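A short write-up of the structure that comes next.
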């Protein structure tokens, strides 16, 4: 320790801070704020069983420093003098140093010193032990004290004769020659055979050379310095021995290499304090590292050939990669970097990948990339995919963003909500195109399309979709329960990973996997929507068989069974019983019920996704084949009541902000095919200048006005299909029965009414509502107020209004009942599709399933 302290005294002001690993700004910035331990002379009689010592000796005992010379060389600052001296306090919940039992006995200064010197064990003064370890230490110290007394007596007798004989020989030689030759003195110290009358039984020949207590303390101080410099966490951090280094994750590799670098730096600090950079530079070029790891150096001829080849291939990146791949399997990046300093780690990694994929040194002709024309058909196919399959979602609360087009024009587009990254979206789109045998755009073109769509990334669920919200909450509950289970970290990680896979599959992957005739039973829509009441509301899987299974879908029952089994184990019951004594009231039975309910919500979420995909087929079929088969004669109308508009002022006081009455408005989008291929979409907005009740009578009046307006604009229209959500004002007997007589009043026959899955499928109206709110916001920012229905109408028609959007300010008085209340459709809340005829209405529980009733 003395040598170590003398080496570091010029570099570190507070040696105690360095040994404790707490060197920071509190140690002081000059030598006047530190003092040596031998100058710390305050008495400390309060915690050492009456053995009064100075606080300097007490601080030294914390780090096994007892000799006066060492105390005189070791410095301490004011902060660490108080921390490890008079103000040192034990932990309130202290445990034994050895067995971690409750500590109730304290080690005094003398016992700490004797344990360090005699037993070679570091037990700081003031450290607490349990009664058993304290008695064991007492017995060991008593025994070692007896042994030391016996060894001292033997050592004194053994030293007495050799010393006397050595002095006699020296005197006799000096008296004979007058002066003892210097060479003979050296030989006497080096070789015992040359000593005159040397005694073979002397202490130097009988006993092995042993380290002095000071040397032992010095080595222990060095070890403590190394461990404190590195940190116990770094020393104990090891990678899984069963995992190969090539298969280790990037983060684990980074952590391991960082720990190794700190350990090497600490070793350099112990060997040569203050000269770490010099010794490391010497070590790298000495070849000792390669020799220790049995790494063969690169022959000079090979190095010369690589350098010459690289200079020749300076401009050809592909050839450079092939050349690097030839040596990447034999040399490390460090060896290659020593030969070619300009090589980057990315180039070396790509060369390793080339060697793994094509073979070391094998030349592969690079694929030529050509510019692909961004055809309108392929771009429309991709845009239809991302909106029809729930990849991008329109929200009524979304804002707009200014987008510059290639023509130089700027337009404001409404932001769409995205839940996944671009790479995942494009990967699934490629799989979808393979399934439908469609050649898509290139990946770079698809990235450009997504990049130019105004997107907002959010982690929230789909606005008001209750099923998704409940599914997300169920996932949180299950993750919390997994952390409670009596499992190790690997088992908990495995369960959590499986749970995340299940969530991702239900949320996004399931929509792409579903089809009407899938060979996988879990992905067959026909099988999933099968009813037990015969052919009226269900169809049979006659044209296909279910020979496959989906492992991700089967995770749902497997995880439920596994987690419930863990909850029923005696180990978990005992653990929960102990936790209840600390105020945890939830029992095992309650947790089991919560887990079963959570999995039931996940099952309902999955069923919700299946129904949503099937009901969306109705809109796709109508806007596809149905409209194209009826050019200029058929129209599809999707309608929805928008969220009430709250009045706003350009300058709004606090008293005007609260207690607002919303303004009712209704949006409807009409899609028509004029030439048999191109679809045209228009929007009609109804703003009510009085308070109205959103019931079936109001919906019937709106539909009547819609069809009348469309008939005037498109005289050839004769058929219409309505679509909406499952609101009570739409899914009502009065509404549907009133539509059967609409042809007599407007000249347009209502063929079908398709309802979407509850809380899903309103993207068309939500998209227009967001555009309309953007128009109102722009009008408001020009210094105008929007407080009345008339001002809302003025805002929507300001500066020409929104393109292809008509606005009507209407007054709706309390209406009479349209249809007889005795005419009811039985269980209408369970029905989703209706085919309307003059004398009857055919209903279906799911689109395309069964013959209906």
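Quick one: how many residues across the range 716-754 are farther than 27 Å from residue 674 by Cα and in a helix (DSSP H, G or I)?
6
State all residues of the range 673-702 that are part of a helix (DSSP H, G or I) and either buried (at least 19 other Cβ atoms within 10 Å of the Cβ) or under 49 Å from the mean Cα position of the chain (by Cα) (or both); if no residue qualifies, say none.
696, 697, 698, 699, 700, 702 - these are the residues of the range 673-702 that are part of a helix (DSSP H, G or I) and either buried (at least 19 other Cβ atoms within 10 Å of the Cβ) or under 49 Å from the mean Cα position of the chain (by Cα) (or both).
Among the numbered conditions (1) modelled with pLDDT of 65 or more; (2) outside the structural domain of residue 346 (by TED's automatic domain parsing); (3) loosely packed, with under 14 Cβ neighbours inside 10 Å, tell me where residue 330 comes up short.
Status for residue 330: all satisfied but (2).
For the range 413-498, give me every one of the helices (runs of 4 or more DSSP H) that falls completely inside it and has 3 or more residues that are modelled with pLDDT of 75 or more and closer than 30 Å to residue 572 by Cα.
466-484
Does residue 706 count as closer than 27 Å to residue 752 by Cα, crowded, with 19+ Cβ neighbours inside 10 Å and assigned by TED's automatic domain parsing to the domain that holds residue 784?
yes
Can you confirm whether the range 650-664 contains a residue that is buried (at least 19 other Cβ atoms within 10 Å of the Cβ), closer than 24 Å to residue 808 by Cα and either in contact with a helix residue (DSSP H, G or I) (Cβ under 7 Å, 6 or more places away or on another chain) or in contact (Cβ under 8 Å) with a residue 12 or more places away in the chain (or both)?
The answer is yes; a qualifying residue exists.
Which of (1) more than 28 Å from residue 749 (Cα to Cα); (2) assigned to a helix (DSSP H, G or I) is the odd one out, the single condition residue 643 does not satisfy?
(2)
Looking at the range 318-340 only, could you name the residues that are within 36 Å of the chain's Cα centre (by Cα) and part of a loop (DSSP other than H, G, I, E, B)?
Correct list: 329, 330, 331, 332.
Do we find a residue being surrounded by 12 or more Cβ atoms within 10 Å (Cβ to Cβ), within 29 Å of residue 757 (Cα to Cα) and modelled with pLDDT under 70 anywhere in the range 380-388?
yes
Conditions tested, residue by residue: (1) free of Cβ contacts under 8 Å to residues at least 12 places away in the same chain; (2) crowded, with 21+ Cβ neighbours inside 10 Å; (3) within 23 Å of residue 604 (Cβ to Cβ).
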residue	(1), (2), (3)
727	no, no, yes
749	no, no, no
754	no, yes, yes
759	no, no, yes
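Can we say residue 500 is closer than 22 Å to residue 469 by Cα and surrounded by 14 or more Cβ atoms within 10 Å (Cβ to Cβ)?
Against the criterion (closer than 22 Å to residue 469 by Cα and surrounded by 14 or more Cβ atoms within 10 Å (Cβ to Cβ)), residue 500 does not qualify.
Given the criteria surrounded by fewer than 17 Cβ atoms within 10 Å (Cβ to Cβ), in contact (Cβ under 8 Å) with a residue 60 or more places away in the chain and in a strand (DSSP E or B), does residue 667 qualify?
no
Being surrounded by 19 or more Cβ atoms within 10 Å (Cβ to Cβ), in contact with a strand residue (DSSP E or B) (Cβ under 6 Å, 6 or more places away or on another chain), farther than 30 Å from residue 529 by Cα and modelled with pLDDT of 85 or more, is that true of even one residue in the range 603-618?
Checked against the condition, which is being surrounded by 19 or more Cβ atoms within 10 Å (Cβ to Cβ), in contact with a strand residue (DSSP E or B) (Cβ under 6 Å, 6 or more places away or on another chain), farther than 30 Å from residue 529 by Cα and modelled with pLDDT of 85 or more, the range 603-618 yields no hits at all.
Just the residues that are outside any helix (DSSP H, G or I) and at pLDDT 85 or above, please, taken from the range 557-596.
Hits for the range 557-596 are 568, 569.
Condition check: surrounded by 18 or more Cβ atoms within 10 Å (Cβ to Cβ) and part of a helix (DSSP H, G or I). Does residue 790 satisfy that?
no
The values are calculated or read from the model by the stated rules, or taken from the named source; none is laboratory data. Values in this document were obtained by computation on a predicted structure and should not be read as measured data. Positions of Cβ are generated from backbone atoms using ideal geometry, with glycine treated the same way; all protein chains shown enter the neighbour counts.
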